[in-house]
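The values are calculated or read from the model by the stated rules, or taken from the named source; none is laboratory data. None of these values were measured; they are calculated from a predicted model. FYI the Cβ positions are ideal-geometry reconstructions off the backbone, even for glycines, and counts take in every protein chain you see. Areas reflect the complete protein model, heavy atoms only, side chains present, ligands, DNA and RNA absent. Shrake-Rupley method; radii C 1.70, N 1.55, O 1.52, S 1.80 Å.
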Amino acid sequence: MLRRVVDFIPDNIFIKDDLGRYILSNKAHLRDLKMETWIDVVGKTAYDFFSSDIAQDYHQQDLGILHSGCPKLNVEEERKDTNGKQRWLLTSKVPLELEEIDFKGIVGISRDVTVRKNAEIQLKETLKVLKNTQLKLLDAEKLKTMGRMAASVAHEIKNPLAIVSLGLEYLQKNNKQQELEEILTDMSEALENANQVIFELLEYARPHDLEFAQINLNEEIKKSVHMLKPKLQEFNIVLTLDFCCEPLWVKADPLKIDQVIINLLMNACSAMDRGGHLSIKTCSERIKGTGAKMGRNLSEVFQIGQRVAQIDIEDSGCGIPEKHLLEVFEPFFTSNRCSEGTGLGLSVVKTIIDLHHGAVGLSNRSCGGVRARILLPISQQPNIG
Amino acid sequence: MKKNTENSSTKILIIDDEPAFTRMLKMNLDDTGSYEIETVNQSMIALKKALDFEPDIILLDVVMPGLDGGDLAAQIRAKQQLKAIPIIFISAMVGRSEAGEGVFMSGGERFLAKPVKVDILVKEIQEILN
């Protein structure tokens, strides 16, 4: 009965003694060895059926199992079968010791997984091709962006250069001391603008050097606001802070987060050159939907129900036409709202937030002005002391 | 194109969104003593300024927020009293390789590359007026 069951199993089943001689071989195994009955196999070794290198390999494996007493389970091996065909086998071998009949040997079971293995290899190849294609597409996209940037950089840098050049030309032709100061001021401001463009361009191209730390967003925002206080006074802007009473811990690069907050605040200030109200609110939220106004599908970044830190920066300046709400994150996009600046501020914001696995989006407020919203994944509170 | 009258100076309207640029260019052109200059930094109000000022030549930036130089030129040319006024486009998007040191023509329009050399601009203005 047991013999019939063993023969019925489609996997190769065999028993060998401690000298490597076959004691039992089921029908599947016999087929593989191209033998008719088990009598053709009993007493013979792997050397009788396989090439010497394969047979030696089997023998070494078996000896290892016998000496160590440890089984070898689910070992994938590529082998040539008795017909010379390349095949993949999934083999388990366990030591077998029967004291009552003084037997020591191994039991093996081996399954042909050639079809599955070939499919896996093909899948890996396809994945490799896909990755290559994706890289090529990314390169093409990068080239496109670089092309756009080069044209924009030319525009942004040549304008300040034009001013400096005209100033110098004037100075060369005239020597009116009283006008000298105004000219020099304009020239140095223009040069500073050019410097700023190059600086932000580098930031845009190289923002991946992040140094992560556990930071409390509320404290980080306070620092950024402090730096901008003189600017807010100059623009006659009233600031309201409405912070979440609990600390908002996130894993982030504090310097980059400062840069994000400052860029968004500067953007808001530019839209309120005749004064206005600016508010910063922070809270802890759970992701409820896909967030149509966040510039990207939130489910690609977060899991529904995930806790995130939310920062809202709201201004009372002029809004942004709906069709431009996404374009403002493109490098060098200019709008009526913000004709000053380098045109890189918001694209730097987006790149930094993307690198923090967060999301950022702008929307027009129903009461006027713009709301910039940042979502960042909340992390554990750091262990203090 | 001729000047308004033989005795008055040539009227030039400079339209560019960069105040420091218009100020510098105005100072340089004022310095020649041959021109009456007006500047405007917001393209949206430039058309009204042109109608009020009635310039002999317009120097016009191409890339400006709001209304760009191309659209503004179309609006200027759509006005009966302004359509004959020559326009020189001054653009930072034009390279020296395209423009060389002087004015170059593209699509029947005159372009001058930033940074602008005052002597070249004055020479071009004189050629247009004569």
task: For the range A:292-309, state whether one or more residues are open to solvent by less than 10 Å² (accessible area, probe 1.4 Å), closer than 16 Å to A:N364 by Cα and modelled with pLDDT of 90 or more.
output: no
Taking the range A:133-170 and the residues there that are open to solvent by less than 80 Å² (accessible area, probe 1.4 Å) and more than 14 Å from every other protein chain (Cβ to nearest Cβ), the one that is modelled with the lowest pLDDT would be A:A140
> Just a yes or no: is a residue in the range A:18-32 in contact with a Gly (Cβ under 7 Å, 6 or more places away or on another chain), within 22 Å of A:R3 (Cβ to Cβ), modelled with pLDDT of 90 or more and part of a loop (DSSP other than H, G, I, E, B)?
Replying inline: yes
Note on B:P55: of the conditions (1) in contact with a strand residue (DSSP E or B) (Cβ under 8 Å, 6 or more places away or on another chain); (2) part of a helix (DSSP H, G or I); (3) modelled with pLDDT of 95 or more, unmet is (2)
Only unsatisfied item for B:N7, checking (1) at pLDDT below 95; (2) within 14 Å of chain A (Cβ to nearest Cβ), is (2)
- prompt: Do we find a residue being at pLDDT 90 or above and either touching a Phe, Trp or Tyr at 6+ places or on another chain (Cβ under 9 Å) or outside any helix (DSSP H, G or I) (or both) anywhere in the range A:268-277?
  reply: yes
Margin query: Within the range A:195-213, does at least one residue satisfy the condition of being at pLDDT 90 or above, open to solvent by 20 Å² or more (accessible area, probe 1.4 Å) and touching a Pro at 6+ places or on another chain (Cβ under 7 Å)?
Written below: yes
In the range A:66-78, anything over 36 Å from the mean Cα position of the chain (by Cα) and part of a strand (DSSP E or B) is listed as A:K72
Quick count over the range B:42-59, residues being open to solvent by less than 50 Å² (accessible area, probe 1.4 Å) and within 14 Å of another protein chain (Cβ to nearest Cβ), is 2
Within the range A:1-26, the residues that are open to solvent by 60 Å² or more (accessible area, probe 1.4 Å) and more than 51 Å from the chain's Cα centre (by Cα) are A:M1, A:L2, A:R3, A:R4, A:V5, A:D18, A:L19, A:R21, A:I23
Restricting attention to the range B:13-25, the residues that are over 11 Å from B:L59 (Cα atoms) and either out of contact with any Gly (no Cβ under 8 Å at 6 or more places or on another chain) or in contact (Cβ under 8 Å) with a residue 24 or more places away in the chain (or both) number exactly 6
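Counting only residues that are of a type in the set (D, E) and open to solvent by less than 80 Å² (accessible area, probe 1.4 Å), how many does the range A:79-111 have? Please lay out each step first, then the result.
So the first thing to find is which residues in the range A:79-111 are of a type in the set (D, E), and the list is A:81, A:97, A:99-100, A:102.
From the residues that got through so far, the ones that are open to solvent by less than 80 Å² (accessible area, probe 1.4 Å) too are A:81.
Counting residues in the range A:79-111 that are of a type in the set (D, E) and open to solvent by less than 80 Å² (accessible area, probe 1.4 Å) gives 1.
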Expected output for the range A:79-96 (first residue outside any strand (DSSP E or B), partner surrounded by fewer than 15 Cβ atoms within 10 Å (Cβ to Cβ), Cβ below 6 Å, 6+ apart or cross-chain) is A:T82/A:K34
